[in-house]
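Notes to accompany the following structure.
The values are calculated or read from the model by the stated rules, or taken from the named source; none is laboratory data. As the structure is a prediction and not an experimental result, all values here were calculated from the model. As a convention, Cβ positions derive from the backbone with ideal geometry for all residues, glycine included, and neighbour counts pool all protein chains shown. For the accessible areas, the whole protein counts, side chains as well, though only heavy atoms, and no ligand, DNA or RNA atoms are used. Shrake-Rupley method; radii C 1.70, N 1.55, O 1.52, S 1.80 Å.
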Amino acid sequence: MSTETRLATLTSWNSDWSDLRVAVLGLSMTGFSVADTLTELGADVLVLAESAEEEYARLLPVIGARLELGPLDQVPEALMEFAPEVVIASPGFAPSHPVIRWAQESGIALWGDVELAWRVRDKVPRPDGTPADWVLITGTNGKTTTTQLTASLLVEGGLRAAPCGNIGVPVLDAVRDPAGFDALVVELSSHQLWYLGLSQAEGELYPHASVCLNLADDHLVWHGTAQAYRDAKALVYRNTRVACVYNKADEATRIMVEEAEVVDGARAIGFDLGIPGPSDIGVVEGLIVDRAFLDDRARSALEITTVADLQEAGLAAPHIVQNILAASALARSLGVEPEAIHSALQSFRLDEHRIQIIARHRGVTWVDDSKATNPHAAASSLRAYPGAVWVVGGDLKGVDIADLVATVGATARAAVVIGVERAAVVAAFERHAPQVPVFEVDAGETGQVMSRVVEIAAGIVEDEGTVLLAPAAASFDQFSSYADRGHRFAEAVQDWIDRGLSLIHISEPTRQAEI
C-alpha cells in the first residue's frame, strides 16, 4: 500500500496507525499533545525542536517518542534519515521555514495538530455513537473571548462542551478527554488555518458552525502578505454544515462566506450592533435579539438579553457586545434557548488583560487591555475609552500603525510610547496626529518600564480621565507575554496608589523619557 493510500484510510481513532513514521516539529504544549496522541496510536514518532521544557523532554521517552534537539534553520540530518511519511508542525512554523519548505518540496504530507485531531475525533463518541460537533472560531480579534462565551452558553444550554485550540487547551487533549463532549468550541489562529488549507479531502474539517469575527492586518511576517493572511482566515468557513456566522460591519467576512464552499443547506447568519434583518442577530432599542433561529423570523424576534444587563456585568463595550452576538448565534445554531444564553451572560466575566479595569483612584480609571496586540484590537479599546491617555507600542509584527493613529488614535488625550519599535509609533503621531502629546519611554529594564509609564501617565491624565494600556503590538520585545505586560502595568499602578503619589500634571511632552 502506498503512503498516500494509507494516509487516506487514517480517518478514525480505530484506524491502523501502527508504525506510521511521523515527524513532529516543536515541543510546546501542542507538540507534546501530538506526540502523546501518536505514540498512543502506535506510530513511530520523532520530535524535533530547537529547545524544550525539561518536563516535556523527560516525558517523551517515557511515552515512546524520540527527541532530537538542535537548530532547525536547515533540515536536520536526523529528519532526512528518519524519512517521515507525515510531518506535523506546531503553529509557530511559518510557510517560509526551511523544514516546512523541505517537506512540501519532498511531497511529504504536512499536517497541523487540528487535522490530526479531526481524524481521530471519534475516540470518545457521544451516546449515539457519533463524535462531538465542532464549532470553529477565528478572527483578528476577539477569538478567545468568543470561544469562552460560546462554550459557556452551550454548557448553560445543557450540552457538554469544551473550549480548546488556540485558547490554550490543545484540540487533541479535548478529543481524548475520557468524559467526552457534545461539542468542541475550537479557537483557530491563522497559522492553524493555513495548515488546514493543505489538507487532503480525508483530512478536511466539516464543522457544525463557524465564524470569522473580523479581519485586519496581522501576522504579516508569518504569512508573507495580507492576502495570504486573509485567505487563511477564510478557510474557517470551508465545509460548514449548518451556520456560517459573519460580521455585517466587516465586509471582508461577508465576502468570505459568499466565496466559501459549504455543505448544501448551510445558512449565512449576520451580526452587528444595528437592527437585525431576517437571519441576523443584532440590537433593537437596547435589546439583544435573534431573528435567525425562529420560524417567523420575517416578522418577529426573540429577546436574548439587554444592553443594560450587559453593562451591569461589565460586558457592554461595543466590541464585547459583538463577541456576544457572534457567540449567541453559534449557540443558537446548536439549539440553545435564549433564556439559557441570558442566564449564562449574567455570570460570565472577561479574562484578565481584556479591557480590565484594574483601579479607580482619585477620579482616574486605569484599564489593562494588554491583549490588544494589534491595531484592530486597540482601535476597539480606544473607541470604548475616548480621550484616554494611551499606552501604546511593542513588537508591531510588520503591521503599519499609521491608520490607527490617524483615526481613533488622534482622539487620545496623550500617548505614552513603549517598546523597541517606538520610532515608528512616534513618527505616525508626528505625521497623522501632531496635536496629540507624545511621551516616549526608553526600553531600559523590563521591570522599570511600567513604573515609568504610570509615572508619566499620572502626570498627564486629567480628573475623571482614563489611562488605557492597549499596545496595538505584541509584547515579546520587552515582556514574556501580553499577560506579563499587563501584570507589570497593574503592579505599577498599585504601587503608585500605595505610595500615595499625587497627580503632578505634565504640561509639555518629553519626546524621550529615559528610564
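Worth pointing out:
- Of the DSSP H helices in the chain, those whose Cα atoms cover at least 30 Å axially and whose Kyte score averages 1.0 or more: none
- Averaging Cα coordinates gives a centre for the range 137-152 and one for the range 324-394; these two points are 11 Å apart.
- Here ARG58 sits with roughly 140 square angstrom of accessible surface, probe radius 1.4 Å.
- Here's the picture: charge each Lys and Arg Cβ at +1 and each Asp and Glu Cβ at -1 in the chain, and of ILE63, ALA359, GLY393 the one pushed furthest to the positive end of that dipole is ALA359.
- Modelled spin-label separation between ARG362 and MET80, with each label point placed 7 Å from Cα along the Cα-to-Cβ direction: 6.6 nm.
- Listed by chain and number, the lysines placed with their C-alpha closer than 29 angstrom to that of LYS371 are LYS143, LYS233, LYS248, LYS397; residues fewer than eight positions away on the same chain are left out.
- With each label modelled as a point 7 angstrom along the Cα→C-beta vector, the ARG431-SER12 pair spans 5.9 nm.
- Positive-end residue of CYS244, PRO278, ALA266, charge dipole of the range 240-332 with Cβ unit charges: ALA266
- A 1.4 Å probe run over the protein chains yields, for the chain, 40 Å² of accessible area per residue, whole-number rounding.
- For VAL221, the solvent-accessible surface computed with a 1.4 Å probe is close to 110 Å², ligands and nucleic acids excluded.
- Take every DSSP beta bridge whose two residues both sit in the chain; close to 20 percent of them are antiparallel.
- The ratio of the alpha-carbon radius of gyration of the range 3-65 to the globular-protein estimate 2.2 N^0.38 Å is 1.14.
- Amide N proximity, the range 217-239 versus ARG383 label position 7 Å along Cα-to-Cβ, cut-off under 19 Å: 217-218
- Normalised per residue, the volume of the convex hull around the Cα set of the range 383-433 (Å³): 70
- The value for the range 128-175 of Rg(Cα) / (2.2 N^0.38 Å) is 1.17.
- The chain: C-alpha pair distances exceeding 31 Å, %: 49
- The range 69-199 - Rg (one decimal) and Dmax (whole number), Cα, Å: 16.8, 53
- Extension gain from ARG126 to ASP400, taking 0.36 nm per residue of separation minus the Cα-Cα distance: 93.9 nm
- Rolling a 1.4 Å probe across all protein chains gives ARG126 an accessible area of roughly 50 Å².
- In a reduced charge model with +1 at each Lys and Arg Cβ and -1 at each Asp and Glu Cβ, the range 1-114 shows a dipole moment near 180 debye about its Cα centre.
- Across the accessible surface of the range 281-327, with the other protein chains kept in place and a 1.4 Å probe, carbon and sulfur atoms take up 48 percent.
- Only helices enter this figure: runs of n ≥ 4 DSSP H residues, each worth -39500 (n - 2.57), summed and divided by the residues of the chain, yield -10500 deg cm²/dmol at 222 nm to the nearest 500.
- Charge dipole magnitude, Cβ of K and R +1, D and E -1 - the range 178-291, Cα centre, debye nearest 20: 60
- Here the range 367-472 is treated with +1 on each Lys and Arg Cβ and -1 on each Asp and Glu Cβ, and its dipole about the Cα centre works out to around 240 debye.
- Cα centroid separation - the range 407-427 against the range 172-195, whole Å: 37
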